[in-house]
Amino acid sequence: MTYAQSPSTASKAVATQPARLVFITGASSGLGQALAEHYARRGWRLALVARRLELMQQWRARLQLSEADCALYAADVSEPEQIRAVAQQCLQQQGLPDVVIASAGISHGIDTADWDDLAHMQAIWETNNRGLAATFIPFITPMRQRRSGTLVGIASVAGVRGLPGHAGYSASKAGVIAYCESLRGDLRGSGVRVVTISPGFVDTAMTAGNPFSMPFLMSAPDFAARAYEAIEKQQSSVVIPWQMGWVARLLRRLPDAVFDYALAGRGRKPRKKPQ
């Protein structure tokens, strides 16, 4: 025979449940850090990953978060074994996340006629594509077993159509969009949700050097707040801000000749010098 809990007993049980856990890559700066701060202010436990551990430590101290509430892991997502190792540490030390956000990403200006830029393109794809997959994979099976969880891929409006000077980045973000679409189909009915978020222009170090106009530029905290809402609503795919969603739809429908003409005089992202 089972008995219903009294209100006082039930409230105590709820109070002792641990706060929800979010795992975020690229958390030392930019969108990743803004997302981490928003989740922290919402009372979530954090598992944060980045190459620059000292920056995350400074950020954690500034927000006065405890190690129990905010675990930090040093890893480069372009190295699959590193991200696999920190994912296993998170599972063992903090448990299975409720939300995993693959936010780590890099962007370089590219000259597709220059052989040396192949190395830059490879670095972009290893971080933005393989790194995203390596972030998700360790959590997929346990999330399936639990029959709950959300995987969030940070794409970009730049993935909708290829932009001059952005060959590597645009291709990588188009790959993120397609990968998340495929993964969403693979996980259909499993209880695991996949959310694709495509930001427009966000005021971060990554966009600071852009020599062209950036319509609907938004702050990183504003982006994080909107992304949080989209993730909580489990929207399958969203463009932030919504105005850039209309821009993305227009870009998809433009004939090639019109698209090429419109971007002919557009400034290009500064090319990274070969090392």
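We did not get these values from a lab; they are worked out from the coordinates using the rules stated. As the structure is a computational prediction, the values presented were derived from the model and not from experiment. Counting neighbours? That spans all protein chains shown, and the Cβs are built from the backbone with ideal geometry, glycine included.
Work out the FRET efficiency for Gln235 and Glu54 from their Cβ-Cβ distance, taking R0 = 45 Å, and round it to the nearest 0.05.
0.80
So which GluC sites (Glu not before Pro) in the stretch 23-107 end up in coil per DSSP with only 14 or fewer other C-beta atoms within 10 Å?
Working: sites: Glu37, Glu54, Glu67, Glu81; in loops: Glu67.
Sites meeting the loop and neighbour criteria: Glu67.
Please identify the trypsin sites (Lys or Arg not before Pro) of the stretch 141-208 that satisfy two criteria: DSSP loop assignment and at most 12 other Cβ atoms within 10 Å. Which are they?
Details: sites: Arg144, Arg146, Arg147, Arg161, Lys173, Arg184, Arg188, Arg193; in loops: Arg147, Arg161, Arg188.
Passing both the DSSP loop test and the Cβ count: Arg147, Arg188.
Leu96 to Ala68: extension gain in nm, 0.36 nm per residue of separation minus the Cα-Cα distance?
Values: separation 28, 0.36 × 28 = 10.08 nm, distance 1.47 nm.
Working it through step by step, the gained length comes to 8.6 nm.
Rounded to the nearest 20 debye, what is the charge dipole size of the stretch 18-262 about its Cα centre when +1 sits on each Lys and Arg Cβ and -1 on each Asp and Glu Cβ? Please report the intermediate quantities before stating the final value.
Details: 23 positive and 21 negative charges, 227 e Å.
With only Lys, Arg, Asp and Glu charged at Cβ, the dipole is about 1080 debye.
Using only the alpha-carbon atoms of the stretch 18-262 as identical scatterers, what base-10 log of I(q)/I(0) does the Debye formula give at q = 0.10, 0.12, 0.17, 0.18 Å⁻¹?
Values returned for q = 0.10, 0.12, 0.17, 0.18 Å⁻¹ are -0.45, -0.66, -1.34, -1.49.
Do me a favour and compute the ellipsoid semi-axes for the stretch 124-192 from its Cα gyration tensor, root of five times each eigenvalue, largest one first, whole Å.
On the way: eigenvalues 140, 28, 10 Å².
Value: 26, 12, 7 Å, ordered largest first.
Would you mind giving the average projected area, over all directions, of the Cα convex hull of the stretch 59-101 in nm² with one decimal? Mind showing how you got there, number by number?
Working: hull surface 14.0 nm².
Computing the convex hull of the Cα atoms and averaging its projections yields 3.5 nm².
State the Cα centre-to-centre distance between the stretch 240-258 and the stretch 141-165 in whole Å.
Taking the Cα centre of the stretch 141-165 as reference, the centre of the stretch 240-258 is 20 Å away.
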